[in-house]
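See structure below.
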Amino acid sequence: MFHRSTPLGLSGPPRDRPAQARRYASLSPKVEARSEKFQARLETTRLDFQLRLAQALGDPSPLALAGIMVRSYRRYEPGPSFGTVCTATSNTLWTPDASSTTRGASSSRNTGAGRAYVGANEDVLAWDIKKGELLSRWQDRDNRSEVTALSQCAAQPDLVAAGYGDGSIRVWDALTGQIVVSFNGHRSAVTHLLFDGEGSRLASGSRDTDIIVWNLLSETAEFRLRGHKDQITGLVFLRTPVRRRQSPHTDEAVDVGAGGEAEEWEERYLLSTSKDALIKLWDLTAPHCVETHVAQTNGECWALGLSPDGEGCITAGNEGELKVWRIDLDTLAKLGGSLAGSGKKTDVLASQGTLQRQGRDRTIGVSFHPKQDYVSIHGSEKAVEIWRIRGGEEVHKHIQRKKRRRREKAAASGDIIAPELEAATDTPEVTDVFVPYVIVRTGGKTRSTCWAAQKGSKALQLMVSTTNNQLEMYTLTTYKAMQQKSPSTREAPDYSRALAVDLPGHRTDVRTLALSSDDRMLASASSGQLKIWNLRTQSCLRTLECGQALCSAFLPGDRIVLLGTKTGELEVWDIGTSTLIEAIPAHEGQAIWTLAVHPDGKSVVTGSADKSAKFWRFDVVEEEIPGTRRTTQRLKLTQTCQLKLADDILSLCFSPDQRLLAVATLDNTVKVFFTDSLKLFLTLYGHKLPVLNLSISSDSKVIATCSADKNVRIWGLDFGDCHKAFFAHNDSVMAVGFIPHPVERDEGRTLFSASKDGVLKSWDGEKFEQIQRLEGHKGEVWAMAVGRTGETVITASHDRSIRTWQLGDDLVFLEEEREKELEQQYESTLAANMDRDYLDEEGQQADADVAAAGKQTLATLTHGEKLIEALELGFADLDLMQTYTQAKVSNPNLAYPQRNPVFLALNNISADQHVLATLRKIPSPALNDALLVIPFSLLPPLFTFLGRFLQQGLQPELSWRVAYFLLQAHMQALVASGGLREVLGEVLEAYEGWLERERRVVGFNLAGLEIMGREVREGEVGVEGFVGGDEGREEEMGKGKGGRKRGFGNVA
């Protein structure tokens, strides 16, 4: 006979139990191994018997073969995520309301505060700042990387570019929420994006130290700029004037202006800064670096801001240092109009001086106001410094005051000011132009700022995104308004927090989650906030100010939420009235780490750092309403008993049959007590670090524990033996849970675990195998809640998001799931190796500032393999059909040849159509990288098809683009081999023929337009002359603004 409170084989007095437990633990692996082998043999024998029985009966029906079918599991898929306003990994954009930009009608007065585009982990969110509503969510199901940079196109405000952590870029259409084009060229996170003024090019900078210029019209990468040695921190296009001359050949459609008059602007230069403390000027026409300067004196450059007129910029670094630069646009314009390297005699960039911020932290953002003379500068603290730029007259007055004060001071001391010192005073310093205006104190550490320049608004409006998951809009009083109000005042300008988007998310990490009994409401609690969510709409129903919550639970009825705080208080909240019913000092200032409601719903137990577990009974008491004789019912918690232990209590759990209470303590063990007598039943040894959470299955037979040692263990509750211990995650496992009330019996042992590695996993608690690995969070997962029937699993993470994982329609088979994981690992390794080989080839030209922009990915590899397959099939079929055509001339009754079944399946298309269709399916940004996958031995078939495409006029632009790129990529090998001379000659001849045909079409169209324009002008002159128009009308007809003559002005 064994004692009831000891596991099997652990009899004897309590002092001997640890030694016996160690002896039992040393024997348990052998016993478990033998047991597993026996179970495997038994399972194999059973399946073999069922298979033989089914064959003997001759009944291969699903019912007969049910016993030999592989077990399947229901698949969990990512559901809606919520709780994120903005993340600290990306900047923020402000844009006016869509009503004033898309419809273009200004009849209705714009009363909104605009909208904000923010990065929210892997999604891009559009917020209505005034209403605090989520307008749209842009997400790509194939993307798992977080957004790291955003940029809006000025020419087409509906285009927003988003850079991601894996180096990819997606250009979104704000109206439809669809991807316009995708690029993938960087090998690490994109840090900066910028459209040019026309919206035809996009410049991107990354942590891989490279800058890539993308052509949005052709959807290709133009080139890669490689001069910097660290991550890119700023990019700016420079607008330079274009000077035109009168054409000697024609006077039509050519601008005629005064000599030297700047008529147009172009953006052929790019300014970049990097963490390597350098600022570089790049020429984008003939890509090369024009100038390089040291931007900061203290080691790193973290921000770049360009003035609205383009004639100056500010760079920022560590310790609050700001450097002001002057940009000589005239020198740039002359340099652009001359031969390369022959017109540059002076530096384009010239340092004007250094400013010092009040904050000494790293400056990460500099933003000029687009219409007024203000600059916002911020670091990573809770402040934004606003600087004002003085006008010319004000600077002159300031210098005169300085000179007067210096004279007065010299006269008082009897000194004489030297003439050269007096003359030097006339030149203004940078501190005379830029002056501090006001410091805006924000509600969190600042991540980015954006000026909100609304029409008709006289005040300054600044939008700030903070690292604590909120957006704020501040209104500031302008200097002009202050002068008009009180010219002699020296008070600090006023500012106020006008609007904010903060309700849809927590300010700090969510530490606890609790689901209602019907899985419709979710309670999430953090330090200072308790929020109630509607899971169907993902909307926040209540926001309550609470203490630093560590654990929570819905009480029976789902109207009251119980919170345990770090200060040892139990807070009872009525979510219907949003009131705090009672705050009970339960554990004398020690943190309440866990609480669990009894299965009968009549009591609750709390575990604390004071090494005690206290039991509380729910009582309903009558209370008088102050000032009246009426009474009302109120819930009251009454302590019934207390369980003292030797260590801090970290987790508690009741068994569903109400028989046992499991307690995890700080000594790495789990103690199981009888609920009624509180006597010790089992002690579970095995974890090497404290157990952080535990859960008991719905049949009350097994218990799962998770620990900071990254392991999950499954124990039997009959004898306390460890059924299985497996390495579950790469970091501390924070939560574990069985399905409380499974619908199917097989799901009773389905287990979920969440860890600080950001991954949620599901396990089979009977076979001890992993079912699914669910990735999505970008930070540590702190809390998890499993739905009543397992339909939904909720997780909360350090990335501020609350994610739902819902059952889908697909099934999971363990072997297929493992095969998919191996395939993904192999494919990622293969793509990485190919990209590394590509980098090694580029490494031979590492000293060059300009290189081709390419990156081998799994997508480009797949497209290249498909093209190789199409070339092999197509060239064989082309040879077959040409042979058949030649033979049919001499033998008209020749039978039609047997073609490859692939062509028959594609409606008997030709080889040309098959290869061309494969080429057209390759996305334009990935075409060059896909062509690099093709081996040199397949170039003759490919050039053969390209020549046929050009001769037949099938996608000639695409064909010539492919041919031109292959000539560039394989030039040395083509010259060395010499075997493709004939094929390349045919391609060139076909290209010249197509070009001549296109030239004729264009010439014909131009001639037709010229005749139509002449007829229109003659008709207008004749009509005006008949009705009495003036004779000078014809001359004025072709003149635009500034007296410039435009050909065909009235046709447009």
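The values are calculated or read from the model by the stated rules, or taken from the named source; none is laboratory data. This is a predicted model, so every value here is computed, not measured. Heads up, the Cβs are rebuilt from the backbone with ideal geometry, glycines too, and the neighbour counts pull from every protein chain shown. SASA here: full protein model, heavy atoms, side chains in, ligands and nucleic acids out. Shrake-Rupley method; radii C 1.70, N 1.55, O 1.52, S 1.80 Å.
A compact table of results
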| item | result |
| --- | --- |
| Lone unmet requirement of (1) open to solvent by 20 Å² or more (accessible area, probe 1.4 Å); (2) assigned to a strand (DSSP E or B); (3) touching a residue at least 60 places away in the same chain (Cβ under 8 Å) for Gly686 | (2) |
| Filter result for Ile532 (open to solvent by less than 50 Å² (accessible area, probe 1.4 Å) and modelled with pLDDT of 95 or more) | yes |
| Selected residue (criterion: nearest to Arg511 (Cα to Cα)) from residues of the range 583-596 that are open to solvent by 40 Å² or more (accessible area, probe 1.4 Å) and part of a strand (DSSP E or B) | Trp593 |
| Boolean, Ser700 is among the hydroxyl-bearing types (Ser, Thr, Tyr), in contact with a Leu (Cβ under 7 Å, 6 or more places away or on another chain) and within 23 Å of Gly787 (Cβ to Cβ) | yes |
| Residues within the range 530-554 that are over 17 Å from Glu569 (Cα atoms) and of a type in the set (A, V, I, L, M), tallied | 3 |
| Residues of the range 255-284 satisfying the condition of being in a loop (DSSP other than H, G, I, E, B) and either in contact with a Gly (Cβ under 7 Å, 6 or more places away or on another chain) or at pLDDT 90 or above (or both) | Gly257, Glu263, Lys275, Asp276, Ala277, Leu284 |
| Set Thr292, Thr250, Thr240: member being at pLDDT below 90, closer than 26 Å to Phe195 by Cα, hydroxyl-bearing (Ser, Thr, Tyr) and out of contact with any Ser or Thr (no Cβ under 8 Å at 6 or more places or on another chain) | Thr240 |
| Selection count where residues are closer than 23 Å to Gly979 by Cβ and either among the acidic types (Asp, Glu) or more than 31 Å from the chain's Cα centre (by Cα) (or both), scope the range 911-948 | 18 |
| Given (1) under 30 Å from Met473 (Cβ atoms); (2) open to solvent by 20 Å² or more (accessible area, probe 1.4 Å); (3) not in a helix (DSSP H, G or I), index of the condition Leu355 fails | (2) |
| Residues of the range 712-733 classified as under 34 Å from the mean Cα position of the chain (by Cα), surrounded by fewer than 21 Cβ atoms within 10 Å (Cβ to Cβ) and not hydroxyl-bearing (Ser, Thr, Tyr), total | 4 |
| Residue count, the range 479-503 (criterion: without any contact (Cβ under 8 Å) to a residue 40 or more places away in the chain and either open to solvent by 90 Å² or more (accessible area, probe 1.4 Å) or farther than 30 Å from Gly528 by Cα (or both)) | 13 |
| Residue satisfying condition, being under 25 Å from the mean Cα position of the chain (by Cα), open to solvent by less than 10 Å² (accessible area, probe 1.4 Å) and more than 15 Å from Val712 (Cβ to Cβ), within set Ala754, Ala796 | Ala796 |
| Residue, farthest from the chain's Cα centre (by Cα), within the range 208-218, restricted to residues that are over 14 Å from Arg268 (Cα atoms) and modelled with pLDDT of 90 or more | Leu217 |
| Residues of the range 185-201 satisfying the condition of being among the aliphatic types (A, V, I, L, M) and within 18 Å of Gly165 (Cβ to Cβ) | Ala189, Val190, Leu193 |
| Which numbered condition Thr346 fails, given (1) surrounded by 22 or more Cβ atoms within 10 Å (Cβ to Cβ); (2) over 33 Å from the mean Cα position of the chain (by Cα); (3) part of a loop (DSSP other than H, G, I, E, B) | (1) |
| Among (1) β-branched (Val, Ile, Thr); (2) surrounded by fewer than 15 Cβ atoms within 10 Å (Cβ to Cβ); (3) under 19 Å from Leu916 (Cβ atoms), the one test that Val962 misses | (2) |
| Cβ pairs under 7 Å, 6+ apart, first in the range 173-201 and closer than 17 Å to Glu222 by Cβ and touching a residue at least 24 places away in the same chain (Cβ under 8 Å), second part of a strand (DSSP E or B) and open to solvent by 50 Å² or more (accessible area, probe 1.4 Å) | Gly197/Arg239 |
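For (1) within 41 Å of the chain's Cα centre (by Cα); (2) at positive phi; (3) outside any strand (DSSP E or B); (4) exposed (fewer than 12 other Cβ atoms within 10 Å of the Cβ), each residue gets a yes or a no:
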| residue | (1), (2), (3), (4) |
| --- | --- |
| Asp610 | no, no, yes, no |
| Gly627 | no, yes, yes, yes |
| Leu635 | no, no, no, no |
| Ser651 | yes, no, no, no |
| Asp676 | no, no, yes, yes |
| Leu692 | yes, no, no, no |
